[in-house]
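Q: Encoded as structure tokens, here's the structure I'll be asking about.
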Amino acid sequence: MPRLILKVAIDAPLWHLFDYLPLFNAPPPAVGCRVRVPFGRRSQVGLVVVHASHAEVAEAQLRHIHEPLDAEPLLSPSVLELLRRAADYYHAPPGEVLVGTLPGLLRAGRPAQQVVVWQWSLTESAPDPDSLTRAPRQAALLSVLAEGPREESQLDAALPTWRVTARTLAGKGWIKRAQVAPDSATDWTPEVGHALTTAQRAAVDAVAASTGFGAFLLDGVTGSGKTEVYLTAIERVLATGRQALVLVPEISLTPQTEARFRARFGPAVAVLHSGLSDGERLAAWLAARSGWAGVLIGTRSAVFAPLARPGLIVVDEEHDSSYKQQDGFRYHARDMAVLRARIEDVPVLLGSATPSLESLAHGRSGQYCTLHLRERAGSARLPQLELLDVRHQRMAGLVSPALAAAVREELTAGRQVMLFLNRRGYAPVLLCHACGWVPKCKRCDTHYTLHRGRRLLLCHHCGSERPLPTRCEGCGARDLLPLGAGTERIETDIGELFPDHTVLRVDRDSTRRRGALDAHLQAARDGSADILVGTQMLAKGHHFPAVTLVGILDADQGLFAADFRASERLAQTIYQVSGRCGRGEQPGRVLIQTHQPQHPVLRALLHGGYSTFAGELLAEREAAGWPPSSHLALLRAESTRPEDALWFLGKTLSLAAELGHAGVELLGPVPAPMPKRAGRYRAQLLLQASRRAPLHALLRAWLPALAQLPAVRQVRWSLDVDPVDTY
Ligand code: ADP
Ligand code: ZN
Ligand code: ZN
């Protein structure tokens, strides 16, 4: 009888599977089951990927698994196939993909069943952790919990002595313990949807008519009712007894989206995102896998969650760059969604008001079927965009007189205003007026951002912080000036300009505490705040019906970025932010402040709208040979000594030359645009090819060889296929 060899994926940075023998006295674990195996001197959880009859290693080295962990496969054949193809496409270690994408508790070898888990959270009466300067342990526990409820196992990992502290804090009534229970809402009546417009109905019908795979790009202006299209399409899928997978960029930022799905589908909805505890994540994952959840809504990693009876995949805001995982296994969830739909043979619906150039190009080539929603739903109209030339203007901070007048007009009429600036903190630079000294981060090539409310200097690149200096460290002068403005400063400035109105700031700093974001969004919605000041966080998918004026304070910020995607991003941001206004009865107005009123990007955006603009950008990309007209991969390296990263990349370049790289251009190596970050020196090598095949052929041969180079020990390196940031 031929020997049965189990090929097992193990979460390790190695580009192959590992061979094991099954146990003598038990049936061999099936493909898709987890096993505990000996690995070096430890034991590890792995996933059986293949049953084979030949081993790669010598007979004498073969070891038996320790134990099987699942009686039946955790992953369906189609998800296994998806993960295998993902590992292949991104040239990622198979274990990082196959095991690394499982929920944490399953990776840790826990049974694939719901667990009773205890978690701790803050009560209403919990004080600000910063106020407990004399009780550092209590402050530490409070600030961990301020980020959200934590399971006991998570606290064990974060704060070894937390149990003693927890008893004290619970005694004061500041924190509480509760069992994490699966959602069991029963008293729920489904909300009835709107009567669809003709365009919405056509979109739903097109998707519903697709038998098997089909990719649809729902190109609909902000507020055109894309969500309504998703909801109706999903209703039809549920009616046939199948499930829908819905990907959203950052669910915690848009609780409204989740609420709308829950209102429509009630307990059939399971939610999966990084803000959940391990127990909650496992519960949602299992609900999707068993088919008990009709709708799984999740952020990018949900694309790998198994579904018992898949019927439809939806990707909302498909252009959003948060779909790209930026470390470890660097995949793009939108692209994985399309691949998955193909494997599962179901339709995939990609929606956006500002589609990515990649998806637009697929629409043009006929690979995707484009569905348009050109008008806003209901009575709302699209806002009018205007440029405000701020050259020579006497600015109050970042606010020009014309913008201030427009704000005043809206406020007087009792309406709401939103001011957008994609820069948090008080000021991006602190400067000594006497000698020019600027405090810089020692670990990065950058200066500190001043956070005045928190009274500290913060590095936005490595997170390091230091107390606010009272004197210059160069000359001792007390004359330290904040230079430039972030949202915190705008909040102050605008408060001084309009003392009779309430200002609400929404950014990562103002929403650090648990529940703060919900409270802020609620205040924005119910109109208790007159002026909203915020970053990107305010731009995403929110529906604030009373906002009639949006001011984009600094469009110039986006005009000079080095990345080839900068114009696309700027356009998407401007349109998404604009899309927040005029969603109610009153029409909206968008004022864009710039020193570059003649800049072709801004002019094209204003005159042609996003789709004309995107068409021009596509032509430019084609002429310049950038994606989607070409394909990129970026090899990054970091080292603790200044020269090592570049030196290592130099070696990889020679290696590529030895292997031969016809059809692939290698550009570099060069220092990264931020050459030092978090104490490490960084460099990069860009690979560019007009066809994918030669690029992937090179990568397949290059990576395993590269991982064997002696120089690899001096660096940390990573490969990013289809990078969204080339810096
Ligand atoms: P999008 O997702 O495109 O931004 P939404 O689905 O959020 O748009 O719809 C915007 C607003 O229009 C919502 O308040 C929604 O309830 C409403 N709406 C959507 N479809 C219709 C319709 N067919 N008739 C009336 N109102 C609609
Ligand atoms: Zn000085
Ligand atoms: Zn830093």
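Q: Please give the helix 333-344 orientation as an angle from the longest Cα principal axis of the chain, in degrees from 0 to 90, rounded to the nearest 10.
A: 40
Q: Kirkwood hydrodynamic radius (Cα pairs, Å) of region 144-297?
A: It works out to 18.2 Å.
Q: Let me ask something additional. Give me the one-decimal Kirkwood hydrodynamic radius in Å for region 1-158, with the sum taken over alpha-carbon pairs.
A: 18.2
Q: Tell me the relative contact order for region 531-636 as a rounded percent, counting alpha carbon contacts under 8 Å between residues six or more apart.
A: 29
Q: Dipole of the chain (Lys/Arg Cβ +1, Asp/Glu Cβ -1, origin at the Cα centre): which of Leu605, Val577, Phe648 lies farthest to the positive side?
A: Phe648
Q: Would you mind working out the magnitude of the charge dipole of the chain relative to its Cα centre, with +1 at each Lys and Arg C-beta and -1 at each Asp and Glu C-beta, to the nearest 20 Debye?
A: I would put it at about 1460 debye.
Q: Mind checking the dipole of region 592-702: about its Cα centre, +1 per Lys or Arg Cβ, -1 per Asp or Glu Cβ, Debye to the nearest 20?
A: The dipole magnitude comes to about 340 debye.
Q: How high is the FRET efficiency between Ser690 and Asp345 when r is their beta carbon distance and R₀ equals 41 Å, given to the nearest 0.05?
A: Working from the Cβ atoms, E equals 0.85.
Q: Sequence gap at least 6, Cα distance under 8 Å: using those rules, report the relative contact order of region 87-203 to the nearest whole percent.
A: Taking the mean separation of contacting Cα pairs over the length of region 87-203, I get 28 percent.
Q: Here's something else I'd like to know. So what's the gap between the Cα centers of region 710-727 and region 428-444, to the nearest angstrom?
A: Using only Cα atoms, the two centres lie 31 Å from each other.
Q: What fraction of the DSSP beta bridges in the chain is antiparallel, stated in percent and rounded to the nearest 5?
A: 55
Q: So if each residue of separation counts as 0.36 nm, and I subtract the Cα-Cα distance between Thr168 and Trp15, what length gain in nm does that give?
A: 50.2 nm
Q: Projected onto the charge dipole of the chain (+1 at Lys/Arg Cβ, -1 at Asp/Glu Cβ, origin at the Cα centre), which of Ser43, Ile552, Ala146 gives the Cα projection farthest towards the positive end?
A: Ser43
Q: How high is the relative contact order of the chain, given as a whole-number percent (alpha carbon pairs under 8 Å, six or more residues apart)?
A: 10
Q: Name every cysteine in the chain that ends up alone, with no second cysteine's Cβ under 4.7 Å, or say none.
A: Cys33, Cys369, Cys462, Cys581
Q: Under 28 Å between C-alpha atoms is the cut-off here; go through the chain and count lysine pairs that meet it, provided they're at least eight residues apart or on different chains.
A: 7
Q: With r defined as the distance between the Cβ atoms of Val31 and Leu481 and R0 fixed at 60 Å, what FRET efficiency is calculated, to the nearest 0.05?
A: That gives a FRET efficiency of 0.40.
Q: By its C-alpha gyration tensor, with a ≥ b ≥ c as the square roots of the eigenvalues, how is the chain shaped: rounded for a/c under 1.5, else prolate for a/b larger than b/c, else oblate?
A: rounded
Q: Also, I was wondering about something else. If I model a spin label as a point 7 Å beyond the Cα along the Cα-Cβ vector, how far apart are those points for Ala60 and Phe24 in nm?
A: Calculated label separation equals 2.1 nm.
Q: Per residue of the chain, what 222 nm ellipticity follows from adding -39500 (n - 2.57) for every DSSP H run with n ≥ 4, rounded to the nearest 500?
A: -9500 deg cm²/dmol
Q: Test of understanding: extend the Cα→C-beta vector of Trp118 to 7 Å, then name every residue of region 268-297 with backbone N under 15 Å from that spot.
A: It comes to no residues whatsoever.
Q: A follow-up question, please. Multiply the residue gap between Arg514 and Glu81 by 0.36 nm, knock off their C-alpha separation, and tell me the result in nm, one decimal place.
A: 152.0 nm
Q: If you find the alpha carbon centre of region 331-350 and of region 233-251, how far apart are they in angstrom?
A: After rounding, the separation between the Cα centres reads 13 Å.
Q: Which distance in nm do the two modelled labels at Ser290 and Ser125 give, with both placed 7 Å along the Cα-to-Cβ direction?
A: Label-label distance for Ser290 and Ser125, simple model: 3.9 nm.
Q: Let me ask something else about it. R0 = 22 Å: FRET efficiency of Arg309 with Ala71, Cβ-based, nearest 0.05?
A: That pair, Arg309 with Ala71, gives E of 0.55.
Q: Related question: What distance in nm separates the simple spin-label points at Asp327 and Leu655, each placed 7 Å from Cα in the Cβ direction?
A: Distance between label points: 2.3 nm.
Q: In region 420-456, which trypsin sites (Lys or Arg not before Pro) are in a loop and have at most 13 other Cβ atoms within 10 Å, using DSSP for the loop call?
A: Lys442, Arg455
Q: Which GluC sites (Glu not before Pro) in region 391-478 pass both tests, a DSSP loop state and at most 15 other beta-carbon atoms within 10 Å?
A: Passing sites in region 391-478 are Glu473.
Bear in mind these aren't lab numbers, they're just calculated from the coordinates by the rules spelled out. From a predicted model like this one, the values you see are computed outputs, not experimental measurements. Cβ sites come from the backbone with ideal geometry, for glycine too, and all protein chains shown count toward neighbours.
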